[in-house]
Every structure is written in C-alpha cells, then in structure tokens.
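Colleague: The structure follows.
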Amino acid sequence: MRRPPAANRASHVRIGVVNGPKLNLLGEREPEHYGHKTLAEIEAMLRASAERRSIRLEFMQSDDERVIIAWLQEHAPRVDGWLINAAILTHSSEALRDALVAAARPFVELHLSNVFAREPFRHRSVLAGHAVGVIAGFRENSYLLALDALAEYLLAGR
Ligand code: DQA
C-alpha cells in the first residue's frame with residue numbers, strides 16, 4: 001500500500017471519506033475537542049476543496065462497524081484512496097483494520113483532536129501502521145489537510 005496506485009491514470013482522483021461512530025454529532029459533541037463545525041459543514045468544505053482540483057468524493061458516516069466495513073468493500077473498486085476518521089474504532093477495531101488492508105487502497109487516518117494529548121487509550125491506533133500518514137489536532141482543518149496530503153500522494157503515482 002505504500003506505493004501510489006498506477007490505476008485510473010486518465011480519470012479524476014476519487015477519494016472515499018469515511019466517518020465513524022458519533023461523528024454525526026459534530027457541532028454539539030464535546031466542542032472543546034472537536035470544534036463547532038457539523039459534519040455536513042465539514043463535508044461542504046471538503047467538497048469545495050475537492051471540486052477546485054477535480055477530485056471526486058464519496059462521503060459516509062456510520063456508527064456501525066459492520067456498515068463501514070461493507071461500505072469499504074463495496075466502494076474499493078471505484079476509489080483511489082480513503083480519508084478515514086474512524087473515531088473510537090481507531091483505537092480498537094481489528095476488524096476495520098483488516099477491512100482496510102483487504103480493500104488495498106492507500107488511506108490517510110485523521111482526527112479532529114490531538115489524540116496524543118488526550119487519554120492514553122487514544123494514543124494507540126490499530127489503523128495507523130497501514131496508513132500513508134496520520135493527521136490529528138487541527139479540528140475541521142484536519143480533513144482539508146488530509147485531502148491535500150492524499151491527493152498529492154495519489155497524483156505522484158500517476
Ligand atoms: C476522534 C478521536 C477519537 O479518539 C474519538 O473517539 C472520536 C473522534 C477525533 O476526530 O478527534 O470519536 O477520532
């Protein structure tokens with residue numbers, strides 16, 4: 001997964017954006033950690049940034065690990081990579097880790113909060129070892145930074 005894929009050279013870059021449990025509550029959920037933007041506002045920011053560069057986005061959120069895993073499998077054939085904020089699943093979901101590895105698409109792990117400055121259980125990610133990189137702590141801008149990083153990574157492989 002380290003080498004950018006050579007597939008889809010001629011077409012637009014297509015990126016799946018995966019949001020885990022309780023990110024649907026952004027805006028009202030612990031704003032001291034996650035800021036004040038709703039997930040819909042973050043999606044709109046991301047879409048505006050993607051549109052400027054002709055990147056196509058597929059956006060999803062679920063509280064259910066099984067739904068996320070099924071979505072990854074279904075969408076893998078039509079995306080070049082993923083941005084993933086797996087929320088609490090980041091720290092424990094071996095099932096999600098295996099699904100990302102099986103999907104075999106490069107991904108950037110991202111977090112709104114700086115997970116390393118929080119409780120010890122948040123310092124561990126079962127996903128990060130398979131990611132292109134990790135971005136954490138920039139609130140909603142983590143999504144924009146992750147999009148930039150993944151787009152550059154994917155374009156470098158074309
Ligand atoms: C989070 C950090 C996780 O530890 C937490 O469980 C979340 C959100 C973040 O974006 O900062 O739900 O992924």
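Colleague: Ordering L72, L57, L155 by how much accessible area each has at a 1.4 Å probe, largest first, what is the list?
Modeller: So the residues, ranked largest to smallest area, are L155, L57, L72.
Colleague: Looking at the chain, I'd like the Rg to Rh ratio, where Rg is from alpha-carbon atoms and Rh is Kirkwood's inverse mean 1/r.
Modeller: 0.93
Colleague: What FRET efficiency comes out for A40 versus A95 if R0 is 30 angstrom and r is the Cβ-Cβ distance? Round to the nearest 0.05.
Modeller: The pair A40/A95 has a calculated efficiency of 0.65.
Colleague: What full-extension length gain, to one decimal in nm, is calculated for R66 and R124 as 0.36 nm per residue of separation minus the Cα-Cα distance?
Modeller: So the extension gain works out to 18.8 nm.
Colleague: Find how much the distance from R158 to Q73 grows on full extension, using 0.36 nm per residue of separation minus their present alpha carbon separation; answer in nm with one decimal.
Modeller: In short, 28.3 nm is gained.
Colleague: Could you work out how far the C-alpha centroid of the stretch 53-116 sits from that of the stretch 18-34, in angstrom?
Modeller: The distance from the Cα centre of the stretch 53-116 to that of the stretch 18-34 comes to 16 Å.
Colleague: Could you work out the helix-only [θ] at 222 nm for the chain, with each DSSP H run of four or more residues adding -39,500 (n - 2.57) and the total divided by the number of residues, to the nearest 500 deg cm²/dmol?
Modeller: Computed mean residue ellipticity for the chain: -10500 deg cm²/dmol.
The values are calculated or read from the model by the stated rules, or taken from the named source; none is laboratory data. Note that the coordinates shown come from a computational prediction; the quantities given were computed from them, not determined experimentally. Virtual Cβ from ideal backbone geometry, glycine too; neighbours counted across all protein chains shown. Side chains are part of the model used for accessible areas, which takes the heavy atoms of the whole protein and leaves out ligands, DNA and RNA. Shrake-Rupley method; radii C 1.70, N 1.55, O 1.52, S 1.80 Å.
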